[in-house]
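**Student:** This is the structure, below, for whatever I ask next.
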Amino acid sequence: MIILERVSRIFRSRGEAIRAVDDVSLEIGEGQVMSLVGESGSGKTTTGKMIAGLVTPSSGRVLFEGRDIRTLDGAARARYRRAVQIIHQDPYACLNPVRTVGDTLAAPLQLYGLADGRSRNAGIGELLERVELTPASAFVDKYPHQLSGGQRQRVAVARALSVQPKFLVADEAVSMIDVSLRISLLNLLLKLRQETGVAFLFITHDLALARHFGWDGRIAVMYLGRVVDVGPTRTVIEDPHHPYTRALLAAVPEADPHITRTKPRLRLRSQDPPSLLHLPSGCAFHPRCPWAESGLCDVIRPELTHVRAQEVACHVAVREGALPDLAATT
Ligand code: SF4
């Protein structure tokens, strides 16, 4: 349904080029879930925005149902706009502060001719019930500032659902919500996924959330604009082949019962990612990587290569057929 073909995005800052996304290829079929995982600055959000048509690739193509989204016009463009929706990280920033919840949900229903008059009010009520804002009558006349962060995000989810999308980009959709409410919102997204069969790009910095939401899907791990590890969620988490994926796993809090069992300990050579303005030579992870080999990793950039069920961009993992244990990790 959505295919990214060698997509890159370059921004300019004070005359310097910043490659926020670099040669990324991904494929997400109907009803599938792909979790996009990485630290801040890894290019996850820019990738999601390119899929949603909010940012134009500098090179490469985004295909929706086989067609380059830049070539869509008229009815085809409207169909794509309706089919692909995005839920942003900050629900307060993306809701109009002077519109009530009812008006916010009425606008897309009206735009796409999905409901009018009495059926519009019924449609708004049904949407609020689906995101568990009940009774709907208690929320329909509220403004965003009268809602909690979790309630605002549920309104944002309802707005995305209102147009019956085929594909949702959830960009850190639960990360600004109070910790105690995060799992209930995540479970709501899971329930909606099961009910509607909508496909997801689930963007998160947290591997534990990716595991919880997309256990039956795939994970792509991004580092400084590139995908470095991609494969079925289960194998990426149980047997991570890329040192950076191991580092992300090591950062999952001990309290996560699903991941501690398989989580290896790992000490990076540096905790700080390099600037996108001054990317390291060779493998961009080499200044932090305990497995780095001088004369190889600092010289040659590794490309994504199949290693069993995964694809990994790491010289050592590809050569050894898996990431070997290191004394330095204990
Ligand atoms: Fe580490 Fe080298 Fe693999 Fe990069 S290519 S992740 S530096 S071992």
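**Student:** In nm, give the distance between the simple-model label positions of Leu277 and Glu30, each being 7 Å from the Cα along the Cα-to-Cβ direction.
**Tutor:** Each label point lies 7 Å from its Cα, and together they span 4.8 nm.
**Student:** Something else now. Starting from the Kirkwood Rh over alpha-carbon pairs, what translational D in µm² s⁻¹ does the chain have by Stokes-Einstein at 25 °C and 0.890 mPa s?
**Tutor:** In µm²/s, the coefficient is 117.
**Student:** What is the sum of charges around Ser281, taking Lys and Arg as +1, Asp and Glu as -1, for the other residues whose C-beta is under 10 Å from the C-beta of Ser281?
**Tutor:** Result for the neighbourhood of Ser281: 0.
**Student:** Compute the FRET efficiency between Glu5 and Arg77 as 1/(1 + (r/R0)^6), taking r as their Cβ-Cβ distance and R0 = 22 Å, and round to the nearest 0.05.
**Tutor:** On the way: r = 19 Å, r/R0 = 0.87.
The value I calculate is 0.70.
**Student:** Of all the C-alpha pairs in the range 53-124, what % are more than 17 Å from each other?
**Tutor:** Every Cα pair in the range 53-124 considered, those over 17 Å come to 59 percent.
**Student:** Separate question: Mind listing the long-range amide H neighbours of Leu54? Cut-off is under 5 Å, sequence gap 5 or more, other chains count too, H placed in the peptide plane at 1.01 Å from N.
**Tutor:** It is none; the list stays empty.
**Student:** Determine, for each peptide in 76-83, 177-184, the mean count of other beta carbons within 10 angstrom over its residues, then list the peptides with the highest first.
**Tutor:** Order by mean packing, descending: 76-83, 177-184.
**Student:** Could you check what % of the DSSP bridge pairs in the range 129-280 are antiparallel, to the nearest 5?
**Tutor:** About 55 percent, rounded to the nearest 5.
**Student:** What's the extension gain from Glu238 to Asp103 if we count 0.36 nm per residue and subtract their Cα-Cα distance?
**Tutor:** 44.0 nm
**Student:** Near the amide H of Tyr223, under 5 Å away, which other amide H atoms are found, from residues 5 or more places off or on another chain, if H is placed in the peptide plane?
**Tutor:** Close amide H contacts, sequence-distant or interchain: Val228.
**Student:** Arg319 to Asn96: FRET efficiency via 1/(1 + (r/R0)^6), r the Cβ-Cβ distance, R0 41 Å, to the nearest 0.05?
**Tutor:** 0.15
**Student:** Excluding residues on the same chain fewer than 8 positions from Lys166, give the aspartates and glutamates whose Cα lies under 15 Å from its Cα.
**Tutor:** Those aspartates and glutamates meeting the cut-off are Glu27, Glu30, Glu65, Glu195.
**Student:** Based on DSSP H runs of at least 4 residues, each adding -39500 (n - 2.57), what is the mean residue ellipticity at 222 nm of the chain after dividing by all its residues, to the nearest 500 deg cm²/dmol?
**Tutor:** Value at 222 nm, helices only, nearest 500: -9000 deg cm²/dmol.
**Student:** Would you calculate the separation in nanometres between label points at Ser175 and Asp141, each defined as 7 Å from the Cα along the Cα-to-beta-carbon direction?
**Tutor:** 3.8 nm
**Student:** Which of the peptides 268-280, 291-303 is most tightly packed, and how do the rest follow, judged by the mean count of other Cβ atoms within 10 Å per residue? Please list the in-between numbers first.
**Tutor:** Numbers: 268-280: 13.1, 291-303: 15.4.
The packing order, highest mean first, is 291-303, 268-280.
**Student:** Under a GNM of the chain (C-alpha, springs under 10 Å), which listed residue has the highest mean-square fluctuation: Asp23, Asp239, Asp116?
**Tutor:** Result: Asp116 has the largest fluctuation of those listed.
**Student:** Could you work out which residue, out of Glu16, Glu126, Glu238, moves most in a Gaussian network model of the chain, that is, has the largest mean-square fluctuation with Cα springs under 10 Å?
**Tutor:** Answer for the Gaussian network model of the chain: Glu16.
**Student:** Moving on. If contacts are Cα pairs under 8 angstrom and at least 6 residues apart, what is the relative contact order of the chain in percent?
**Tutor:** Numbers: 616 pairs, mean separation 61.8, N = 330.
Contact order relative to length: 19 percent.
**Student:** Can you give me the three principal axis dimensions of the range 81-121 from its C-alpha atoms, in Å, biggest first?
**Tutor:** 31, 25, 11
**Student:** While we're on this one: Take the chain, connect every pair of alpha-carbon atoms lying under 10 Å apart with a spring to form a Gaussian network, then pick out the residue of Gly48, Gly29, Gly214 with the largest mean-square fluctuation.
**Tutor:** Top of the fluctuation ranking is Gly29.
**Student:** Just want the ordering: His205, His242, His306, from fewest to most Cβ atoms lying within 10 Å of their own Cβ.
**Tutor:** In increasing order of surrounding Cβ atoms, one gets His306, His205, His242.
**Student:** Ranking request for peptides 86-99, 217-230: highest mean number of other beta-carbon atoms within 10 Å first, then the rest in descending order.
**Tutor:** 217-230, 86-99
**Student:** Any idea what the dipole of the chain comes to, in debye rounded to 20, about its Cα centre with Lys/Arg Cβ at +1 and Asp/Glu Cβ at -1?
**Tutor:** Working: 40 positive and 35 negative charges, 110 e Å.
So the dipole magnitude of the chain works out to roughly 520 debye.
Laboratory data are not the source of any read-out in this text; all were calculated from the coordinates shown. Since we're looking at a predicted model, the values are computed, not measured. In this analysis, Cβ positions are derived from the backbone assuming ideal geometry, glycine residues included, and neighbour counts consider all displayed protein chains.
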